[in-house]
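The values are calculated or read from the model by the stated rules, or taken from the named source; none is laboratory data. If you're wondering where the values come from, they're calculated on a predicted model, not measured in any experiment. Positions of Cβ are generated from backbone atoms using ideal geometry, with glycine treated the same way; all protein chains shown enter the neighbour counts.
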């Protein structure tokens, strides 16, 4: 009896071992923002190519950069591109592969005021600088004729945790306001001139939902899913743009002329009448020279798949797909991975 | 070799002296192993602590060398300009924990007294287990409740009333945001009540019956018996409970982060947002890539460890002085 059990266990273990060896395991870590899309991609891709298994840990962009630099993962993911200094710290040449785009919306809680409050981008900067302090300030009121704006102080809510969302938002503010650029600057965590800090999208949204007269910023997808009201912004070209997947993609399409070969570009405040001003890429970080050629080949196959089939799944999950012309560029870049 | 023989010989000689000891001989080897094993485990805890201190000091070196003592006194926290000062976080942690203790201690000691001294035993244990249930709630649940229920309630009802009636005091000035130092203190107080209550209850249960009976025999009322016989006896134990509560409060991260407003500033107003040391680590550590930023957060961790250590030393001293006073009083 005991012998039987032993032999059965041994057979089972052998089967497991052979299963494991047939499967290539590709590890990745990084940004939380694209995680829902990536996990969808990995599970869909597993149906097509059964010989490869992806394991992605959404530990945050900073963690992703640290781990790919230390080579403890096969690919990293980040919402902010690496600085020259960070690239130099990596043991090999790291490529930025843009996957999709995200947008950040300005959300608020104003009793009696519906979605679609109109704000000029300069006014958004001055609100977050603490220079516009009342909701009925003429600068806001002039753009919103017919809307009863209350004579109440504006309560600013921002992210307290380091995040790519904050990075994109402060990048946008630095672009529209010289004062913001010199006083605060751009980063994943900055020294906020005014306001309260909430942890995560849910922390900011929670405070805005429960507190009247607040204003803050969250990811577009988060605002859509939670039906938060968001502002229509007047962009660099002077047209009013409602945040949506279409206007997000439009920002990247507008940037294609100035697209650098390594895709390290900020997409905020792009010209164009449909371009929403607070938009950013999210990237996968991959070494140009793969240590394990077999793994590298599988990774390239996956990247190609994500660029074609994968892009079609993005909109349903509220991510903006890469515009055609950008996708063509990326296709060429992927070919350079060895 | 000779020496060893001598020792062995000695041993056999002594063990031959009584029968009982010869029987105990194999047990002695067990005792020795047991002693070494426990010593090993105890030392490993110490080793972990030392390793942690060493590692944290090493990782925070860039920040220690860059800012020196200014790190403790500076109140700038700017990751973009790479300027770091920990004072607002130190202030936030200490003030929120101390206020929470001031609020929670009378509540907990009164609850413990009710359970052990006043209500019948069965009702007492029912209340005790309900209070202990509070300790089992994860802190993120407290945080969610705090940010979704308590903070809006504070903003709509409590804080405007305080501003209207006590707004002239520096502690209640400014606009009511809901999320604030006050919200942090309240949530901490609720979270540490179960700990202080549970330990105080154990301490009070350990007070000998004869103490109470003696007091009652002398004609003391129930309150007098508690005051002269029960509380002085349990004083050091209750103090220990409070210190444990303080340790829990100062290290609490999630719930506080969600309701305190996360603004690194030093304000005496309970209505204004603040920041604590564990909160800033939890908020910023995952997304830092700059070395100096990581080092600054590590140094905050080091300061947190030092503050906790300091509190424990103070507590030890306090308990010693209290128990010493008791013995002198008894003599």
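Assorted remarks:
- Residue list for the range A:133-145, restricted to those being in a loop (DSSP other than H, G, I, E, B) and touching a strand residue (DSSP E or B) at 6+ places or on another chain (Cβ under 9 Å): A:133, A:135, A:143, A:144
- Residue check for residue A:295: at pLDDT below 90 and either assigned to a loop (DSSP other than H, G, I, E, B) or in contact with a helix residue (DSSP H, G or I) (Cβ under 7 Å, 6 or more places away or on another chain) (or both): no
- For the range A:65-87, residues that are closer than 25 Å to residue A:309 by Cα and under 15 Å from the mean Cα position of the chain (by Cα) total 6.
- Residue check, residue B:93 on the phi < 0 side of the Ramachandran plot, touching a residue at least 24 places away in the same chain (Cβ under 8 Å) and within 14 Å of chain A (Cβ to nearest Cβ): no
- Filter result (facing another protein chain (nearest Cβ under 10 Å) and not in a strand (DSSP E or B)) within the range A:153-165: A:160, A:161, A:162, A:163, A:164
- Answer residue from the range B:232-244, given it is under 10 Å from residue B:200 (Cα atoms) and free of Cβ contacts under 8 Å to residues at least 60 places away in the same chain and is nearest to the chain's Cα centre (by Cα) among those: B:237
- None of B:322, B:307 is assigned by TED's automatic domain parsing to the domain that holds residue B:248 and modelled with pLDDT of 85 or more except B:307.
- All told, residue B:257 meets the bar of being within 30 Å of residue B:169 (Cα to Cα), modelled with pLDDT of 90 or more and in a helix (DSSP H, G or I).
- Selection from the range B:62-85 of residues that are away from chain A (no Cβ under 14 Å) and either part of a helix (DSSP H, G or I) or in contact (Cβ under 8 Å) with a residue 12 or more places away in the chain (or both): B:62, B:63, B:64, B:65, B:66, B:67, B:70, B:71, B:72, B:73
- Matching residues, the range A:116-132, being surrounded by fewer than 18 Cβ atoms within 10 Å (Cβ to Cβ) and either touching a strand residue (DSSP E or B) at 6+ places or on another chain (Cβ under 6 Å) or on the phi > 0 side of the Ramachandran plot (or both): A:116, A:118, A:130
- Hits in the range B:266-284 (condition: at the interface with chain A (Cβ under 8 Å from one of its Cβ atoms) and either assigned to a helix (DSSP H, G or I) or surrounded by fewer than 24 Cβ atoms within 10 Å (Cβ to Cβ) (or both)): B:279, B:282, B:283, B:284
- Count of residues meeting criterion [touching a helix residue (DSSP H, G or I) at 6+ places or on another chain (Cβ under 6 Å) and either exposed (fewer than 13 other Cβ atoms within 10 Å of the Cβ) or within 11 Å of another protein chain (Cβ to nearest Cβ) (or both)] in the range A:77-88: 3
- Among helices (runs of 4 or more DSSP H) entirely within the range B:111-172, having at least 2 residues that are within 14 Å of chain A (Cβ to nearest Cβ) and within 21 Å of the chain's Cα centre (by Cα) singles out B:139-145.
- From the options A:103, A:148, residue that is under 30 Å from residue A:332 (Cα atoms) and either free of Cβ contacts under 8 Å to residues at least 60 places away in the same chain or not in a helix (DSSP H, G or I) (or both): A:103
- Residue check, residue A:65 buried (at least 22 other Cβ atoms within 10 Å of the Cβ) and either over 23 Å from residue A:236 (Cα atoms) or within 14 Å of chain B (Cβ to nearest Cβ) (or both): yes
- Any hit, the range A:99-110, residues being modelled with pLDDT of 90 or more and surrounded by fewer than 23 Cβ atoms within 10 Å (Cβ to Cβ): yes
- Odd one out for residue B:193, checked against (1) touching a residue at least 12 places away in the same chain (Cβ under 8 Å); (2) out of contact with any helix residue (DSSP H, G or I) (no Cβ under 7 Å at 6 or more places or on another chain): (2)
- Some residue of the range B:221-244 being part of a helix (DSSP H, G or I), within 14 Å of chain A (Cβ to nearest Cβ) and touching a helix residue (DSSP H, G or I) at 6+ places or on another chain (Cβ under 8 Å): no
- Filtered residue count, the range B:173-214, keeping only those that are surrounded by fewer than 23 Cβ atoms within 10 Å (Cβ to Cβ) and assigned to a loop (DSSP other than H, G, I, E, B): 7
- Among residues of the range A:132-145, those that are away from chain B (no Cβ under 14 Å) and touching a residue at least 60 places away in the same chain (Cβ under 8 Å), counted: 1
- In the set (1) out of contact with any helix residue (DSSP H, G or I) (no Cβ under 8 Å at 6 or more places or on another chain); (2) more than 29 Å from residue B:194 (Cβ to Cβ), the condition left unmet by residue B:137 is number (2).
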